[in-house]
There are 2 protein chains.
Amino acid sequence: MTKPIAIQGIKGSFHHEVAQLYFNEKAEVVECMSFDGTVDSLLKGDTDFIVMALENSIAGSIIPNYALIDTHNLSIVGEHYLDIQHNLLALKGQSISEIKEVHSHPMALLQCKIFFKDYPHIKLVEAKDTADVAKQISEQNLKGIAAIASKNAAQLYTLNILAESIQTIKHNETRFAIVKRENLEIKRKTINKASLKFELDHKRGSLATILNVVSDCKLNLTKIQSLPKLETLWKYAFFVDVTFKDYKDYEKALSIMQLMAENFKVLGEYKNARL
Amino acid sequence: MTKPIAIQGIKGSFHHEVAQLYFNEKAEVVECMSFDGTVDSLLKGDTDFIVMALENSIAGSIIPNYALIDTHNLSIVGEHYLDIQHNLLALKGQSISEIKEVHSHPMALLQCKIFFKDYPHIKLVEAKDTADVAKQISEQNLKGIAAIASKNAAQLYTLNILAESIQTIKHNETRFAIVKRENLEIKRKTINKASLKFELDHKRGSLATILNVVSDCKLNLTKIQSLPKLETLWKYAFFVDVTFKDYKDYEKALSIMQLMAENFKVLGEYKNARL
């Protein structure tokens with residue numbers, strides 16, 4: 001029997017949408033109020049998978065989520081890209097002139113600030129979760145209040161879409177990871193991407209040398225991010241994603257990199273969602 | 001006559017503290033309510049400098065601030081590292097058992113969540129700005145309410161420190177940039193660090209080749225971050241910091257890298273605060 005999937009936020013959230021798109025529309029989810037909560041649920045065995053945002057094109061990597069995967073020795077087993085579109089939702093029958101307040105997460109409010117400049121009568125109020133506001137408007141029949149959320153949320157909570165795609169930056173692609181406790185069944189034939197973490201001394205050329213190995217072994221780099229290690233000055237951790245055509249090339253690169261870098265760790269091996 | 005310095009937040013904020021430490025204790029600041037606001041103030045000519053957080057050891061790079069510097073063609077002319085310490089502040093005479101609510105920025109509340117587990121009688125309430133809560137407690141003589149802010153804020157608003165360093169992760173070092181409209185007076189002798197931005201095709205080894213140039217020219221890499229370009233799939237932007245001993249080495253690397261990468265841009269040349 002398959003266990004449900006842990007998501008951050010409630011049904012109608014972007015994490016829920018990714019769970020439906022990656023697994024299937026009827027995938028059972030456990031709503032967690034934080035990313036820590038999703039990990040707790042996985043470790044307790046209440047869920048088999050987590051859907052977890054890893055990076056987006058506006059804010060970059062979500063380092064605390066990388067830290068959760070790393071600290072708890074979890075494994076990335078898949079990925080999914082979603083273009084985050086914000087919509088203005090309210091009860092059916094309401095027009096935008098009747099909306100007095102819009103409640104949403106501070107980040108969503110910020111991303112849609114310019115849209116609301118044309119509607120100075122609407123007050124922006126901070127809330128914890130984008131989809132939860134949609135749910136409350138629907139359940140409590142709240143008039144005069146609008147939510148900023150996905151089309152999915154509109155459908156789920158039977159709200160009207162007053163305005164579509166109201167965020168300032170029209171494309172905000174977010175990359176989500178599908179995370180498991182451990183990856184027991186690596187299908188070498190379908191695997192063509194890996195997420196790695198390693199540490200290097202602040203020595204001239206140490207990263208260049210590692211990237212030469214990556215290149216010589218025919219791997220492509222699709223992401224790199226350095227993070228200074230606070231405990232040990234001048235030492236850096238690197239989060240790197242690579243894609244490859246042949247698993248053997250990857251294995252060869254791995255065996256060399258493991259000798260060259262400290263605390264080398266594979267965070268996940270999975271199928272590239274971009275191919 | 002020197003113009004004031006734009007800071008995000010109010011007096012007593014960490015940005016204010018950095019302005020005082022980088023310039024001097026009496027440095028005049030203009031309080032801005034957003035990072036966009038600091039840029040507006042600089043472009044209007046109301047201020048000569050911005051103090052702007054660029055990255056921290058918990059969350060990584062603050063990409064939207066890199067984007068502000070890049071989009072408006074501003075110049076990083078200095079940097080400062082600050083270890084962010086959160087303290088619990090309240091009116092003098094109040095004990096922690098008398099505190100009913102703590103108001104602070106969601107991020108500060110999150111970072112101190114474990115501390116408050118021992119004080120279940122205290123309700124956590126989200127507020128816009130950490131230092132602003134301290135100011136309000138002081139000005140309105142608010143009893144039963146505590147703020148999470150710096151020791152500087154405690155002193156400035158004559159509040160009592162009920163508990164020191166209450167954040168879960170004890171070291172949260174934040175790197176701040178000192179930003180100007182343009183850097184007209186580059187003192188080559190004191191410059192030993194630069195922030196660069198460039199773009200590369202998703203071609204095997206393209207980054208490795210650039211980093212070989214960095215290494216061959218005796219430059220050290222202290223930060224690297226890739227950011228996918230949404231408009232053009234398979235093209236990546238890179239934010240890179242390098243340090244060097246001799247400006248001539250840097251000039252040589254620059255001349256080669258400019259030929260190898262697209263849209264090459266120097267975001268700033270300044271003195272390394274870590275030496």
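Computed from the coordinates by the stated procedures, all read-outs in this text should not be read as laboratory data. The structure displayed is predicted, hence computed values, not measured ones. When we count neighbours, we look across all protein chains shown, and the Cβ atoms used for this are built from the backbone with ideal geometry, even at glycine.
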**Report entry** Label spacing, shortest first and in nm, from B:F264 to its equivalents in the remaining copies (7 angstrom along Cα→Cβ)
**Finding:** 3.2
Report summary line: With a Förster distance of 45 angstrom and the Cβ-Cβ distance between A:D201 and A:Q85, calculated FRET efficiency to the nearest 0.05 equals 0.55
Query raised in the report: At B:Q140, label 7 Å along Cα→Cβ: distances to the other copies, nm, ascending?
Result: 2.1
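Using r as the Cβ-Cβ distance of B:S165 and B:K92, and R0 as 22 Å, what FRET efficiency do you calculate, to the nearest 0.05?
On the way: r = 20 Å, r/R0 = 0.91.
The value I calculate is 0.65.
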Report task. Take the alpha-carbon positions of the protein assembly as shown, form their convex hull, and give its projected area averaged over all directions (one quarter of the hull surface) in nm². Result -> 26.6
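So if R0 is 35 Å, what FRET efficiency would A:E126 and A:E28 give, r being the distance between their Cβ atoms, rounded to the nearest 0.05? Show your work: numbers first, answer last.
Details: r = 31 Å, r/R0 = 0.88.
Once rounded, the FRET efficiency stands at 0.70.
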Requested in this report: Please report B:K3, B:K26 as a ranked list, fewest other C-beta atoms within 10 angstrom at the top and most at the bottom.
Outcome: B:K26, B:K3
Query raised in the report: In whole percent, what relative contact order does segment B:193-270 give with Cα contacts below 8 Å and a gap of six or more residues?
Result: 49
Query raised in the report: What residue among A:H105, A:H202, A:H80 shows peak mean-square fluctuation when chain A is described by a Gaussian network model with Cα springs under 10 Å?
Result: A:H202
Query - Most mobile listed residue (B:K135, B:K193, B:K170) in chain B, GNM with C-alpha springs under 10 Å - result: B:K170
**Report entry** Cα pair distances in segment A:169-275, grouped into 5 Å bins until the bin that holds the longest one, percent each
**Finding:** 2, 11, 21, 23, 18, 13, 8, 3, 0
Query raised in the report: Can you list, shortest first and in nm, the gaps between the label point of A:Y81 and those of its counterparts in the other copies, using a point 7 Å from Cα in the C-beta direction?
Result: 3.5
Requested in this report: Using only Cα atoms, tell me the angle between helix A:206-216 and the longest principal axis of chain A; keep it within 0 to 90° and round to the nearest 10.
Outcome: 90
**Report entry** Stokes-Einstein diffusion coefficient of segment B:87-163, Kirkwood radius over Cα pairs, 37 °C, 0.692 mPa s, in µm²/s
**Finding:** 277
Query raised in the report: Residue by residue, what Karplus-based ³J(HN,Hα) values in Hz, rounded to whole numbers, does segment A:264-273 have, using 6.51, -1.76 and 1.60 with θ = phi - 60° and x for Gly and Pro?
Result: 5, 8, 8, 7, x, 10, 7, 8, 4, 7
Requested in this report: Please identify, among B:Y250, B:Y66, B:Y119, the residue showing maximal mean-square fluctuation in a Gaussian network model of chain B using a 10 angstrom Cα cutoff.
Outcome: B:Y119
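Just tell me the longest site-free run in chain A, where the sites are GluC sites (Glu not before Pro) in a DSSP loop having at most 13 other beta-carbon atoms within 10 Å.
Details: sites that count: A:E25, A:E28, A:E164, A:E182, A:E185, A:E231.
Value returned for the longest uninterrupted segment is A:29-163.
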Query raised in the report: What angle do you read, to the nearest 10 degrees and between 0 and 90, between the alpha-carbon axis of helix A:130-139 and the longest principal axis of chain A?
Result: 30
Requested in this report: Grab the DSSP H runs of chain B that are 4 residues or longer, score each as -39,500 (n - 2.57), total them, divide by all residues and round the 222 nm result to the nearest 500 deg cm²/dmol.
Outcome: -8000 deg cm²/dmol
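To the nearest 20 debye, what is the magnitude of the charge dipole of the protein assembly as shown about its Cα centre, counting +1 on the Cβ of each Lys and Arg and -1 on the Cβ of each Asp and Glu?
Values: 68 positive and 66 negative charges, 171 e Å.
In total the dipole reaches around 820 debye.
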Report task. Quote the relative contact order of chain B in percent (integer), defining contacts as alpha-carbon pairs under 8 Å separated by 6+ residues. Result -> 22
Query raised in the report: Just the projected area, averaged over all directions, of the convex hull on the alpha carbon atoms of chain A: how many nm²?
Result: 16.4
Query - Farthest positive-ward along the protein assembly as shown dipole, Cα basis, beta-carbon charges - from A:N212, A:H80, B:Q225 - result: A:N212
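Suppose we keep just the DSSP beta bridges with both residues in the protein assembly as shown; what percent of those would be antiparallel, to 5? Please list the in-between numbers first.
Numbers: 93 of 123 bridges.
About 75 percent, rounded to the nearest 5.
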